[in-house]
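Below is one structure, written out as structure tokens; comments come after it.
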Amino acid sequence: MGHSGQRCPSNPPPPEPAASTSGERPPISPDNTIFNDVTPESIDQLAAEYGLCKRFSQVRGIGADAKDDDLSPARMITVVDVTGLYEFPIVWCKCSVRHAPHEQLLRMRLYPASQDRPQTVFTFDVLDHFLLANMETKVPANAYFRMLMRITDEAYPDLVPDRYRELARCARQWLRLTSRKRHGHGYGEDEDAPGSLATPCVACPRPGINAPAKPDSSVPSWLSYLHLVVDGNFKQQNFRMRKPENDVPLTDGLQYTVKKSEYEAHLATVDEVSQRSTCNDHRAVSQANSRRAHLLYTGLAGVACARHGFWISNAIVDLLLGERQISIDAITTRAIWLAANLAGVVLFYDIICQYFVKFFDRVKNSPLLSLPDGPVVIPAIGLFHVHGHQDQCVAYFSPDFIRGVGKVAGEMIESMWPPLNNIADSARHMAESGRRDLINGHMDWENMRKMYNSVKYCCTRFLDVLDLLERATKQYVTITNKCAPEEVERWTQMLDKAYEDRTHDIKANEVFNVKISKLPSRAENEGQLANSSKVKQRRGANKAVVWVSKGIDILQLQIKATVLKRRIRDKERGTDAKTLAADRKQLRKLIPAFLAESARFLGALADEVADESSHGDAGDDDWDDIADMPTPEDISIKLPSAFGRRACFDNGLEYLVDIEAELRRGQAHDALEKTRSYIGKKSVLYRTDIRQAKGSQKLGKAAQDVVDIQNSKIATQRETYNNARKAMIALAESPDDIAMYKELTFSDLEARTSTLNPAERGLRDEGLPWIWTMDIQEALAGKSGDEVLNEFYRLHWMKAKCRKDRAEEEIVILRHEMERIPLSFAHEAKEWDRRAAKAGDNRPGHVAHARRQRKHWERLAQMANSSFARLLAKHPPPSYINLWLPAQEPVTATAATAGADTDDNFFTNLNITRTD
């Protein structure tokens with residue numbers, strides 16, 4: 001050691017290897033008598049002698065008498081390499097001027113597992129290979145070392161010495177060392193600065209680096225917005241350590257996680273204040289204080305770039321309980337400070353409607369938190385989550401209605417958690433700081449991968465938005481041509497005012513809500529009938545209203561019993577039989593009393609035979625094969641609709657036709673309202689209970705039972721509506737009178753995620769089933785139809801205008817990002833040039849590394865510039881859009897390729913094409 005692998009002149013030459021103690025290999029006799037005296041202790045030796053396995057010890061006999069001293073003439077040391085484990089004799093340098101043993105190993109590209117008396121070393125190659133495998137394939141250290149054991153000894157891998165613990169410890173140290181080298185530590189700079197080992201987003205604005213140091217008042221303020229998204233992850237759990245005093249932090253606060261001492265001090269100075277939800281029952285709110293005794297941390301909460309998916313430095317914390325607001329405050333305030341010199345921050349959070357209510361009060365009352373004075377904080381909810389909120393939240397917080405956001409879904413972080421969750425199982429039982437270093441390493445790896453992919457992402461996104469803008473413009477022109485010019489002018493002023501005021505008042509977005517009253521219920525119609533002049537003028541009409549209402553109640557109970565009978569046949573639950581028996585008992589009591597009153601109101605029609613199919617769907621399966629004898633739910637109820645409009649008019653029962661028609665209309669409205677409610681609840685159950693129960697048979701069965709109950713309720717309301725519709729058809733003067741009441745089919749009852757999220761991929765332009773727009777259709781047919789129609793057109797025009805505005809903004813933002821990305825690369829090149837100059841001539845290794853890094857970043861900047869220039873020459877943005885860029889010469893195809901060397905093929909072959 002110490003002489004580049006050559007023998008130290010101060011040491012004598014090594015002795016010859018000792019001969020094998022087993023002598024020559026004995027021949028194998030025909031009768032296999034050699035194995036007669038084999039013992040378990042000798043099986044390994046026999047396997048080695050007959051070549052059945054690789055021998056771990058490559059050289060034996062050397063250093064057998066070596067003393068336990070760092071400078072012994074020869075001692076055995078275990079070497080772990082990508083090709084397996086080896087045992088070699090090691091002879092230290094004994095020159096008068098020599099390096100320490102661990103330095104001698106490092107100069108041989110061997111990393112010692114310990115410093116005082118190293119007995120195991122890892123080659124640089126195996127540490128690099130393990131980190132690569134761990135980052136890309138998420139293989140844990142235990143599995144990786146088992147692979148090395150199998151490579152070393154295929155037949156008897158358990159004979160190989162176990163160096164798993166040493167590998168885990170050295171890999172953690174190696175990760176820290178490579179991170180420091182990659183981020184420029186070791187050049188005498190401030191290496192304890194928070195986030196100094198993190199990779200920043202190269203496309204987001206950073207004043208003084210890729211954006212002007214001071215905001216330019218001549219350009220829109222939204223060009224200086226930083227887009228952030230916050231979320232929690234409850235798969236990244238961590239168990240309590242048995243010996244927490246053994247925990248040693250290495251990169252605490254230097255990368256993405258907040259420094260532990262600062263985070264604990266913040267939690268100790270503030271208290272979580274329970275807040276009553278004013279929106280739906282979101283799990284992040286209801287389970288904020290949930291505790292699990294066996295866990296040290298229940299998950300992670302983090303902030304990421306909402307546009308490009310970069311993790312934000314010093315903005316990741318562990319969750320001690322649930323997703324508490326005081327934990328989220330610790331990371332949002334730190335992330336907002338990154339925009340101290342910017343115009344604003346667009347903050348996406350799936351429960352921002354609750355979190356933002358007292359956000360500034362919590363920051364003001366915290367002694368350790370603060371916010372910069374400059375940027376304005378704009379709250380928003382991602383497109384997937386916003387449709388699980390109340391309608392008001394969609395108008396207030398949807399990114400489609402916020403100026404300057406561009407075409408951003410606000411859900412980028414949802415796609416960033418799964419790669420990190422692949423290491424959750426291996427990190428769950430790790431030491432607290434070791435787990436934190438592992439998470440930091442994987443986050444930095446993802447950031448670097450996206451940094452190198454930023455040029456391709458930006459180009460692909462630019463082409464997609466060009467197509468999107470073309471479609472949005474066509475939709476906007478189409479609906480504008482259908483509206484009056486004076487109305488378009490008025491709506492434009494309303495929209496501009498909402499854009500301007502929304503920055504400081506989210507209620508300005510109230511213009512995106514349309515106020516339509518609910519459909520009148522049966523109870524409301526019954527009350528209006530009782531007070532109407534027609535009923536008051538006819539003697540006994542009030543009692544007729546009560547009698548028809550009783551009949552409808554009986555019909556609804558019959559439908560409920562019929563659906564329950566069908567469910568018992570398919571999948572009986574414990575209480576179904578008792579419920580059916582109780583319903584039948586009640587029907588046997590109500591039906592005779594109702595039929596006894598029929599003669600009083602129907603007269604001669606009471607003796608006629610009514611239509612036997614008074615309820616149920618003709619297209620349904622035959623449910624009535626359970627019993628041969630008639631059951632109460634099968635008895636026909638003699639209401640006017642059972643005989644038809646003509647028969648009732650022939651017998652002078654016009655008033656009964658009007659009464660039942662109005663009550664049936666209310667019955668249909670009630671059934672539709674309940675159907676929509678049940679479908680919405682079922683969609684939520686699929687997103688929560690069903691998806692969360694994957695992998696658990698017990699939880700899955702319980703969740704499916706809850707969904708089955710919702711299905712039964714939906715089926716009951718569907719048949720109730722169709723029964724009411726059938727009655728209205730029988731009573732209507734013309735089918736056109738009830739044309740708006742369509743038959744409710746099973747396809748209208750799908751509980752898809754798109755029901756709550758119309759903006760889901762592939763469904764953004766797909767209309768919802770007719771039951772979701774029934775309120776508007778009813779209002780359009782009323783007295784104020786013209787006013788409602790105008791309101792309806794206004795809402796659709798504003799949405800079309802917003803789609804066009806967001807697409808144009810996205811073009812402008814992407815065009816500025818094409819300027820920022822090369823500037824970020826060029827800035828890194830300048831930083832490495834500065835480090836090379838600072839290192840001086842006394843550290844040639846530092847200088848060589850810095851110059852190599854400078855060249856690397858210069859080439860990245862050059863390739864990015866040439867790639868963007870070629871793209872813009874072939875696909876320029878629309879000329880009518882003001883890009884807010886300094887005056888530049890038009891880019892030509894020749895200028896786009898000028899100065900690009902042959903290494904530009906990296907970006908030239910990105911296969912970025914636009915489908916026209």
| query | So what's the gap between the Cα centers of segment 351-369 and segment 165-220, to the nearest angstrom? | reply | 28 Å
| query | At E487 and S677, where each label point lies 7 Å from the Cα along Cα→Cβ, what is the point-to-point distance in nanometres? | reply | 3.4 nm
| remark: Spelling it out for D231: with amide H atoms placed in the peptide plane at 1.01 Å from N, the residues 5 or more places away or on another chain with amide H under 5 Å from its amide H are G302
| field | Radius 13 Å from Cβ of P9, net charge of other residues (Lys, Arg +1; Asp, Glu -1) | value | +3
| Under Karplus coefficients 6.51, -1.76 and 1.60, residue-wise ³J(HN,Hα) of segment 319-331 in Hz, glycine/proline x | 9, 7, 10, x, 7, 6, 5, 5, 6, 5, 4, 5, 9
| message | Taking θ = phi - 60°, what integer Hz values does the Karplus form 6.51 cos²θ - 1.76 cosθ + 1.60 yield along segment 164-175, in sequence order, with x for Gly and Pro? | response | 5, 4, 5, 5, 4, 5, 5, 5, 5, 5, 5, 4
| request: Could you state how much accessible area D658 has, in square angstrom rounded to the nearest 10, with a 1.4 Å probe and all protein chains kept in place? | output: 70 Å²
| field | Filter on K565/K638; K589/K726; K181/K407 - keep pairs with C-alpha separation over 28 Å | value | K181/K407
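Multiply the residue separation of T83 and E524 by 0.36 nm, subtract the distance between their alpha-carbon atoms, and state the gained length in nm to one decimal.
On the way: separation 441, 0.36 × 441 = 158.76 nm, distance 8.19 nm.
Roughly 150.6 nm would be gained on extension.
Taking 25 Å as R0, compute the FRET efficiency from the Cβ-Cβ separation of Q119 and R428 and round it to 0.05.
Values: r = 30 Å, r/R0 = 1.21.
After rounding to 0.05, the efficiency reads 0.25.
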| query | If amide H atoms are built 1.01 Å from N in the plane of the peptide, which residues on other chains or at least 5 residues away come under 5 Å of the amide H of L296? | reply | N238, F239, R240
| task | Within segment 77-114, report the trypsin sites (Lys or Arg not before Pro) that DSSP leaves as loop and that have at most 15 other Cβ atoms within 10 Å. | result | K94, R109
| note | For E597, the accessible surface traced by a 1.4 Å probe with all protein chains present amounts, in square angstrom to the nearest 10, to 60 Å²
| note | So, over other residues within a Cβ distance under 14 Å of E810, counting Lys, Arg +1 and Asp, Glu -1, the net charge is +1
| said: Output wanted: per-residue J couplings in Hz (rounded whole) for segment 596-608, from phi through Karplus 6.51 cos²θ - 1.76 cosθ + 1.60, θ = phi - 60°, x for Gly and Pro. | reply: 5, 8, 4, 4, 5, 9, 8, x, 5, 5, 5, 8, 6
| request: Could you check the simple spin-label distance between K243 and K578, using points 7 Å along Cα→Cβ, in nm with one decimal? | output: 5.8 nm
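The values are calculated or read from the model by the stated rules, or taken from the named source; none is laboratory data. Keep in mind that this is a model prediction, so the values were computed, not measured. Note that we place each Cβ from the backbone using ideal geometry, even for glycine, and neighbour counts take in every protein chain shown. Heavy atoms of the whole protein, side chains included, go into the accessibility calculation; ligands, DNA and RNA do not. Shrake-Rupley method; radii C 1.70, N 1.55, O 1.52, S 1.80 Å.
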